[in-house]
1. Please specify each residue of the range 78-93 satisfying the condition of being buried (at least 16 other Cβ atoms within 10 Å of the Cβ) and out of contact with any Pro (no Cβ under 8 Å at 6 or more places or on another chain).
2. Quickly run through the range 1-19 and pick out the residues that are surrounded by 20 or more Cβ atoms within 10 Å (Cβ to Cβ) and in contact with a strand residue (DSSP E or B) (Cβ under 9 Å, 6 or more places away or on another chain).
3. Regarding the range 131-140, can at least one residue be identified that is in a helix (DSSP H, G or I), touching a residue at least 40 places away in the same chain (Cβ under 8 Å) and either surrounded by 12 or more Cβ atoms within 10 Å (Cβ to Cβ) or acidic (Asp, Glu) (or both)?
4. What's the total number of residues in the range 116-165 that are more than 24 Å from Pro77 (Cβ to Cβ) and either at pLDDT below 90 or hydroxyl-bearing (Ser, Thr, Tyr) (or both)?
5. Consider only pairs whose beta carbons are under 6 Å apart and that are at least six residues apart or on different chains; among these, list those whose first residue lies in the range 63-89 and is touching a residue at least 12 places away in the same chain (Cβ under 8 Å) and whose second residue is basic (Lys, Arg).
6. Can you find, within the range 20-48, the residue that is surrounded by the most Cβ atoms within 10 Å (Cβ to Cβ) among those that are among the aliphatic types (A, V, I, L, M) and modelled with pLDDT of 95 or more?
7. Between a first residue in the range 98-124 that is closer than 26 Å to His182 by Cβ and surrounded by 10 or more Cβ atoms within 10 Å (Cβ to Cβ) and a second residue that is polar (S, T, N, Q) and modelled with pLDDT under 90, which pairs have beta carbons less than 8 Å apart while being 6 or more apart in sequence or on different chains?
8. Has the range 117-136 got at least one residue that is among the charged types (D, E, K, R) and at positive phi?
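The values are calculated or read from the model by the stated rules, or taken from the named source; none is laboratory data. Computed from a predicted structure; not experimentally measured. Glycine also receives a Cβ, built like all others from the backbone with ideal geometry; neighbour counts cover every protein chain displayed.
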Amino acid sequence: MTDNPTATTAFRVDEAYDVRNAGDGHSRYGAYLFSRDHQFRDRDEDGPVTDPCEFAARAFMIASPPAMSPGYVREHPRVRRVSWCRDDEDRVGFEIQLAAPLPAPIEHAIRGKHWAGWHHQWRPDFWWEPYDNDRPGAYTVVTVRVPLTADMLPAPVYQGTVPDVAVAKQAVGAVCQRLNSHLTGILAALDGGHQ
């Protein structure tokens, strides 16, 4: 996401890249919304999604890797996976997995042995799981769940069946702000610890 390895912003919108690389001269993300408008169909009804939280979650997931690569939303290098879900009360939340150092007891148990862990490089800053099966591997993720609330999100707007690009971008920005408010301290703690 950034060349600064101490940056603690989990998610940010890259508006300049979106406009600069738009085939229509307006928004690369807008083209993705157009081609994925079927993802905004209500699961129980025949019409479009009207719940602001679900609309924002779907808009955010389309704006992020792997749906868009590079994404309209850029992620901190420790972000490994992002998903959204509903709980039993039908509330929407995001689940974010972050690359994290091993807990001290596990690190101590495998010290001096030839175990694989997180691979990390600084430029570009990137974390990835061990991929070879030539030795045992141990790596940790911290899973954070963040709820969304409708009061922080715009009401869904559509142009026909396609989400309005400006409203979808506003929703994505609000999700980034919400997630960052909960993840910044955690990322600072992870980056401040040993690798």
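1. Arg78, Val79, Arg80, Val82, Trp84
2. Taking the range 1-19 first, the residues surrounded by 20 or more Cβ atoms within 10 Å (Cβ to Cβ) are 1, 10-11, 18.
If the condition is that a residue be surrounded by 20 or more Cβ atoms within 10 Å (Cβ to Cβ) and in contact with a strand residue (DSSP E or B) (Cβ under 9 Å, 6 or more places away or on another chain), then Met1, Ala10, Phe11 are the ones that fit.
3. Within the range 131-140, none of the residues are in a helix (DSSP H, G or I), touching a residue at least 40 places away in the same chain (Cβ under 8 Å) and either surrounded by 12 or more Cβ atoms within 10 Å (Cβ to Cβ) or acidic (Asp, Glu) (or both).
4. 3
5. Qualifying pairs under 6 Å: Arg74/Arg12.
6. Of all residues in the range 20-48, those among the aliphatic types (A, V, I, L, M) come to 22, 31, 33.
Filter once more, so that each one left must be modelled with pLDDT of 95 or more: 31, 33.
On the way: Ala31: 16, Leu33: 24.
Per the stated criteria, the residue is Leu33.
7. Pro101/Gln195; Trp118/Gln195; His120/Gln195
8. Within the range 117-136, the subset among the charged types (D, E, K, R) is 123, 125, 129, 132, 134-135.
Now drop any that are not at positive phi, which leaves none.
No: the range 117-136 contains no residue that is among the charged types (D, E, K, R) and at positive phi.
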